[in-house]
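Quick notes on the structure that follows.
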Amino acid sequence: MRILLVEDDDRVAAALRTALARQQIEVARLATGRDVVSHLAGIDVVLLDLGLPDVDGIEVCRRIRAAGDTPVIVVSARGEVDDRILGLHSGADDYLVKPYDAGELLARVHTVLRRRRPEPADDVVDLGAGLVVDLARREVRDDGAGRSPVALSRKEFAVLALLARADGAVCTRERIVAEVWGRTWPGANRTLDVHVATLRTKLGRPELVATVRGVGYRLGR
Ligand code: CA
């Protein structure tokens, strides 16, 4: 695997390179944002610091997205919530808050890569406590209780399946609406909220669909 690290802090870059080398991950590094797009060939994931000395990280993210579909994980300093939201809205796949450790980064990288791959036909996502989402049979089963499948509408199932495939990563409202409804309209957010509310009630475990304020939803466990 090859990661493009866009990071102006030499110490952060050196520490990451060492940690990732132990996992047989190659790191290409840029200390500025202006040339990122011309360095994307052969890169599996871009790890993008939002605070760069030349170009705004959000702008760099938009350029990467415009140039192709290389996954991007944005990194920002602790507390810069607005940056994180902007990062997701500018096409980033996920975000990390500094300081983070190499293990956390690796988990995010694998999640992002897995999400980009087409799902296997017999994919079953375990929600814990016996509840599973069967993506191939398009049903939610409560294996623990041995009960019949949870009756969800097509859209409710589609929302849950999207969150289940994201494996705990945040799905923005825009993405959920676009993928589940195939279009957007002025009342789309409200409709999504209603579907999520019903989904929570039907699953009987409201915490399974966690709200990420101002961004969207993700699978909680
Ligand atoms: Ca920085």
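Summary of values
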| read-out | value |
| --- | --- |
| Residues (assigned to a loop (DSSP other than H, G, I, E, B), away from the ligand (no atom under 16 Å from the Cβ) and of a type outside the set (Asp, Glu)) located in region 33-50 | LEU40, ALA41, GLY42, ILE43 |
| Residue match in region 56-73 (condition: touching a Phe, Trp or Tyr at 6+ places or on another chain (Cβ under 9 Å) and within 16 Å of the ligand (Cβ to nearest atom)) | yes |
| Pair list, Cβ under 7 Å, 6 or more apart: region 51-66 residue in a helix (DSSP H, G or I), other residue modelled with pLDDT of 90 or more and away from the ligand (no atom under 16 Å from the Cβ) | ARG63/VAL37; ILE64/VAL37; ILE64/LEU40; ILE64/THR70 |
| Meets criteria (more than 16 Å from the ligand (Cβ to nearest atom) and either among the β-branched types (Val, Ile, Thr) or closer than 28 Å to TYR217 by Cα (or both)) for GLU104 | yes |
| Within region 164-219, tally of residues that are under 13 Å from the mean Cα position of the chain (by Cα), at pLDDT below 90, among the small types (Gly, Ala, Ser) and not in a helix (DSSP H, G or I) | 2 |
| Members of region 45-63 found to be among the aliphatic types (A, V, I, L, M) and over 16 Å from the mean Cα position of the chain (by Cα), listed by number | LEU50, LEU52, VAL55, ILE58, VAL60 |
| Among (1) closer than 26 Å to ARG218 by Cβ; (2) modelled with pLDDT of 95 or more; (3) away from the ligand (no atom under 16 Å from the Cβ), the one test that LEU88 misses | (2) |
| Some residue of region 17-32 being within 24 Å of VAL170 (Cβ to Cβ) and within 16 Å of the ligand (Cβ to nearest atom) | no |
| Contacts under 7 angstrom Cβ, first residue in region 180-193 being more than 19 Å from ALA161 (Cβ to Cβ), partner part of a helix (DSSP H, G or I) and not aliphatic (A, V, I, L, M), 6 or more apart | ASN189/ARG173 |
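This table checks each residue for (1) surrounded by 19 or more Cβ atoms within 10 Å (Cβ to Cβ); (2) at pLDDT below 95.
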position: ASP8; (1), (2): no, no
position: ARG11; (1), (2): no, yes
position: ARG17; (1), (2): no, yes
position: GLN23; (1), (2): no, yes
position: ALA67; (1), (2): no, yes
position: PRO71; (1), (2): yes, yes
position: VAL74; (1), (2): yes, yes
position: VAL81; (1), (2): no, yes
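The values are calculated or read from the model by the stated rules, or taken from the named source; none is laboratory data. The model shown is predicted, which means the values in this text are computed figures rather than measured ones. Reconstructed Cβ throughout: ideal geometry from the backbone, glycine too, with neighbour counts over all protein chains shown.
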